[in-house]
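Okay, structure first, notes after.
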Amino acid sequence: MSVATVEIHLPALLHNVACFKRTAPNSRIMAIVKANAYGHGLVEVARFLQEQVDSFGVARLEEALQLRSIGIEQPILLLEGFFPDDSLSVLEKYHLQTVVHSPWQIERLKKFKTKHPISVWFKIDTGMHRLGFCFEDAIPYLQALAKCHSVAKPIAISSHFCSADEIDNPYTQLQHDTFDAFLNAAKKSGVPIGETSIAASSGLFAWPQSHYTWVRPGISLYGISPFPYHTAGKATGTQLGLLPAMTLKSEVISVRPHRKGEGVGYNQIWQSSRTTQLGVIAMGYGDGYPRDVPCGTPVLINGMRYPIVGRISMDMTVVDLGPKTIIKEGDEAIFWGPLLPVEEIAAITGFSAYELVTTLTNRTTLFYKTDSIPD
Ligand SMILES: *Cc1c(COP(=O)(O)O)cnc(C)c1O
């Protein structure tokens, strides 16, 4: 077993949901738990949150079925819709909601015979240009969808922002206005329209006019800011009033003296300018910590920051502990967590915080804490 551990502080998730309820008091909350709940563990996160949120959003049918298999009864939405090989009878059997973004999906629904109509979210492309019907020809598709006997009425309408994390970007307001205009057109078309949603985390926190009837927070559920690190007052989850749930940590396995001028690690990309002590930590890119981090990236040991030196190896990371150190083998080393924001590590390394938390490997053991006071 590896000493690289991902510790998840579950009560932080509750704190974050409470924060969403204050920020978007008139909207319901769809907790986005795709990609193993952004690396936080799909099953444990969903089980812990099931009483607290109104529904769950996933990206894959398998993720939805996993939630049903552990007894989650809330609505579950397939955010990318059903895929060409997915069976509509499975959606029906497990009461899964689906996004409908393409004409081929309407054709499939048209042919599907069922006594239990499927709840659908018609997706309109307001500018992301990834999935969804474009405004100009969406109404006939919406009407065709409404004619399908396999489709429950009313029909919900969704869209997605492409740049809502850039708080000064006027494109978000344009997307919002397009969404609004489409909702008006949809209402006039005679199709019964139900729930509406466009905001993910950044819409929730920066664009209050975008809340509609459902908000869909993902990254912020885990206490991480969706905004770029230079965004004043919004750089970290903590600044947004959130509590980060994840701590990535391991331990020091060797403290060793190191001579001035000597290099360390593969290709000796760093040489020490002084005689010092190095700490070797059992954490590497095999655990999901990125290999290409600049020397100087901090690691927290006993509450103090130490700079990473040399290249990250598959299983190890080296830090410069300084000439006189009290750090010893067995001491805990934190790579990110409430006191060393993952957003800061993202900013230093050029990765996004989304990427850092979702690409940890399964060698890192997930470990859950339920006590109410975070470290
Ligand atoms: C992933 C996703 C979200 C959540 O986005 P965050 O930025 O993590 O809050 C919301 N809606 C859709 C359609 C998504 O794919």
- Item | Net charge over other residues, Cβ less than 14 angstrom from the Cβ of THR275 (K, R count +1; D, E count -1) | +3
- Item | Built amide H within the under 5 Å cut-off of SER225, gap 5+ | GLY237
- Task: Determine the per residue accessible area of segment 1-68 with all protein chains present and a 1.4 angstrom probe, expressed in square angstrom.
- Result: 38 Å²
- Message: What does the C-alpha gyration tensor say about the overall shape of the chain? Classify as rounded when a/c is under 1.5, otherwise prolate if a/b is larger than b/c, or oblate.
- Response: prolate
- Query: Among PRO338, LEU366, LEU300, whose Cα sits farthest toward the positive end of the charge dipole of segment 294-368 (+1 at Cβ of Lys/Arg, -1 at Cβ of Asp/Glu, about the Cα centre)?
  - Reply: LEU300
- Item | Inter-site label distance for GLN239 and SER273 at 7 Å from Cα along Cβ, in nm | 2.9 nm
- Item | Among GLY322, THR196, ALA144 the positive-end extreme of the charge dipole of the chain (Cβ point charges) | ALA144
- Once both label points are put 7 Å beyond Cα along the C-beta direction, the SER102-GLU166 separation in nm becomes 2.8 nm
- Paramagnetic reach from SER372 in segment 7-48 [backbone N under 20 Å; point 7 Å along Cα→Cβ]: 8-22, 48
- For a label point 7 angstrom out from the Cα of ASP137 toward its Cβ, which stretches of segment 101-118 have the backbone nitrogen within less than 20 Å? 101-111
- Task: Give the accessible area for ARG305 in Å² (nearest 10); use a 1.4 Å probe, count only protein heavy atoms, and leave out ligands, DNA and RNA.
- Result: 110 Å²
- Query: Which value, in debye to the nearest 20, gives the size of the charge dipole of segment 75-197 about its Cα centre, when Lys and Arg are +1 and Asp and Glu are -1 at the Cβ?
  - Reply: 920 debye
- Task: Keeping all protein chains in position, work out how much accessible area VAL357 exposes to a 1.4 Å probe, and write it in Å² to the nearest 10.
- Result: 0 Å²
- How high is the FRET efficiency from ALA144 to SER89, r the C-beta distance, R0 22 Å, rounded to 0.05? 0.55
- Message: I'd like the distance between the alpha-carbon centres of segment 218-282 and segment 149-184, rounded to an integer number of Å.
- Response: 37 Å
- Return the long-range amide H neighbours of PHE133 (sequence gap of 5 or more, or a different chain), with a cut-off of under 5 Å between placed amide H atoms. LYS123, ILE124, ASP125
- Task: Treating only the Cβ atoms of Lys and Arg (+1) and Asp and Glu (-1) as charged, compute the dipole magnitude of the chain about its Cα centre; round to the nearest 20 debye.
- Result: 440 debye
- Query: Taking H as built 1.01 Å from N, whose amide H comes closer than 5 Å to the amide H of GLY288, not counting residues under 5 places away?
  - Reply: THR361
- Query: Under the Karplus relation 6.51 cos²θ - 1.76 cosθ + 1.60, θ = phi - 60°, what is the ordered set of whole-Hz ³J(HN,Hα) values for segment 17-29, x standing for Gly and Pro?
  - Reply: 5, 4, 5, 5, 5, 6, 6, 10, x, 9, 10, 8, 10
- Item | Environment charge of SER158, counting only residues whose C-beta is closer than 14 Å and scoring Lys/Arg +1, Asp/Glu -1 | 0
- Task: Determine ³J(HN,Hα), in whole Hz, for all residues of segment 201-214 in sequence, where each value follows from phi through the Karplus function 6.51 cos²θ - 1.76 cosθ + 1.60 and θ = phi - 60°; x replaces Gly and Pro.
- Result: 4, 6, x, 4, 8, 10, 9, x, 5, 9, 6, 6, 8, 9
- Is any residue of segment 313-329 close enough, with backbone N under 17 Å, to a label point placed 7 angstrom from the Cα of CYS295 along the Cα-Cβ axis, and if so, which? 313, 317-323
- Expressed in square angstrom to the nearest 10, the accessible area of HIS129 with a 1.4 Å probe stands at 140 Å²
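Set the Förster radius R0 to 56 Å, insert the Cβ-Cβ distance between PHE351 and ALA185 as r into 1/(1 + (r/R0)^6), and round the FRET efficiency to 0.05. Intermediate results must be reported in sequence, preceding the final value.
On the way: r = 40 Å, r/R0 = 0.72.
Computed FRET efficiency for PHE351 and ALA185: 0.90.
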- Using label points projected 7 Å from each Cα along Cα→Cβ, tell me how many nm separate LEU339 and LYS260, to one decimal. 3.2 nm
- Message: With unit charges on the beta carbons (Lys and Arg positive, Asp and Glu negative) and the dipole taken about the Cα centre of the chain, which residue among TYR222, LEU91, TRP207 sits farthest to the positive side?
- Response: LEU91
- Message: Strictly over 25 Å apart at the Cα level, which of LYS249/LYS369; LYS113/LYS188; LYS123/LYS147; LYS93/LYS123 would you flag in this model?
- Response: LYS113/LYS188
- Message: Restricting to bridges with both residues inside the chain, how much of the DSSP beta-bridge set is antiparallel, in percent to the nearest 5?
- Response: 50 percent
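The values are calculated or read from the model by the stated rules, or taken from the named source; none is laboratory data. All values reported here derive from a predicted model rather than from experimental measurement. Glycine gets a Cβ as well: all are built from the backbone with ideal geometry, and neighbour counts include every protein chain shown. We work out accessible area using only protein heavy atoms, side chains counted, and drop any ligands, DNA or RNA first. Shrake-Rupley method; radii C 1.70, N 1.55, O 1.52, S 1.80 Å.
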